[in-house]
Amino acid sequence: MNNNHATISKMHDMRMHGMARAFQTTLETGMHSQFTLDELLSHLIDAEWDDRHFRKRERLRKTANFRYQASFEELDFTLNRNLDKNHMLRFSDCGWVKEHQDILITGPTGVGKSFIGSALGNLACDHGFKVYYQIAGRLLGSLKAAKKDGTYLKTLPKILKNDVLILEDFGLSPFDEEGRLALLDILEDRHGRKSTIFLSQLPVASWHGIIGDSTIADAIMDRIVYGAFRIELQGESIRKKMYRNK
């Protein structure tokens, strides 16, 4: 028994917490006597793998800064908002992240763009991808501030490290020259290398004009639109409908 306690202590010292808990449980329940050596080893390794996967997923979710802790299973396809279930299920294996493809989600306020974006982001975390969720205007504002304090070139690589970047309220804040160039820098880095999800109340057809400066807008739209998946939501605000039904 003392040897078992020492073994468990060493497991914790090596940060094998899942394995230590599983071994402790098998000893306390007497299950260890029912396992062959191979089965016990397999059981302990599975427990450690599950524990590490869970802790990594929770760490990724915490740093992602999601607006909603939404799961893919919580998506409601019964609402009349042009959200196709078969279309969404194609995203469930996160192949779009592996292939570095973008997703454009547009629609009026309150139809669930942020929830869907958060659900896709959480799904990416489940698959071990690093995700960052931010309001577009705030991200561009932080980059403009970084230019002023000399940290701009250090900030861009930090954004690139995220496998999925989710930009909420894209196009809602006006673009100035610095904002346009910062956006172009982000997309130039990410295009074909990482995935970006754009959430916008405005139809994609209006983005070029909102960005302004046709030359820069052409370059930005070229990196956003071609090859991207589109989800064009319609209908009444879900929040308004829920409030009315109370």
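The values are calculated or read from the model by the stated rules, or taken from the named source; none is laboratory data. Everything numeric here is computed off the predicted structure, so don't read it as measured data. Here the Cβ is made from the backbone with ideal geometry for all residues, glycine too, and neighbour counts use every protein chain on show.
Here is how the numbers come out for the structure above:
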quantity	calculated
Sole residue being in the same structural domain as Tyr226 (by TED's automatic domain parsing) and either more than 26 Å from Asn122 (Cβ to Cβ) or aromatic (Phe, Trp, Tyr) (or both), chosen from Glu177, Glu168	Glu177
Residue satisfying condition, being among the β-branched types (Val, Ile, Thr), free of Cβ contacts under 8 Å to residues at least 60 places away in the same chain and on the phi < 0 side of the Ramachandran plot, within set Ile135, Ile116, Ile105	Ile135
Ala47 being over 26 Å from Phe129 (Cα atoms), modelled with pLDDT under 85, surrounded by 11 or more Cβ atoms within 10 Å (Cβ to Cβ) and small (Gly, Ala, Ser)	no
Which listed residue is at pLDDT 95 or above and closer than 24 Å to Arg230 by Cα, from Ser118, Ser142, Ser71	Ser118
Number of the condition not met by Leu172 [criteria: (1) part of a loop (DSSP other than H, G, I, E, B); (2) farther than 18 Å from Ile210 by Cβ; (3) aliphatic (A, V, I, L, M)]	(2)
Sole residue being on the phi < 0 side of the Ramachandran plot and not polar (S, T, N, Q), chosen from Asp169, Asp213, Asp149	Asp149
Filter result for Ser214 (assigned by TED's automatic domain parsing to the domain that holds Phe77, in contact (Cβ under 8 Å) with a residue 24 or more places away in the chain, more than 25 Å from Cys125 (Cβ to Cβ) and hydroxyl-bearing (Ser, Thr, Tyr))	no
Filter result (of a type in the set (D, E, K, R), assigned to a loop (DSSP other than H, G, I, E, B) and either exposed (fewer than 10 other Cβ atoms within 10 Å of the Cβ) or touching a residue at least 40 places away in the same chain (Cβ under 8 Å) (or both)) within segment 73-83	Arg81
Segment 54-68, residues that are at pLDDT below 90 and within 11 Å of Cys125 (Cβ to Cβ)	Lys56, Arg57, Glu58
Subset of segment 217-232 that is loosely packed, with under 13 Cβ neighbours inside 10 Å and without any contact (Cβ under 8 Å) to a residue 60 or more places away in the chain - its residue that is nearest to the chain's Cα centre (by Cα)	Tyr226
Matching option when the condition is assigned by TED's automatic domain parsing to the domain that holds Glu188, of a type in the set (A, V, I, L, M, F, W, C) and closer than 25 Å to Glu188 by Cα, among Phe72, Phe129, Phe115, Phe77	Phe129
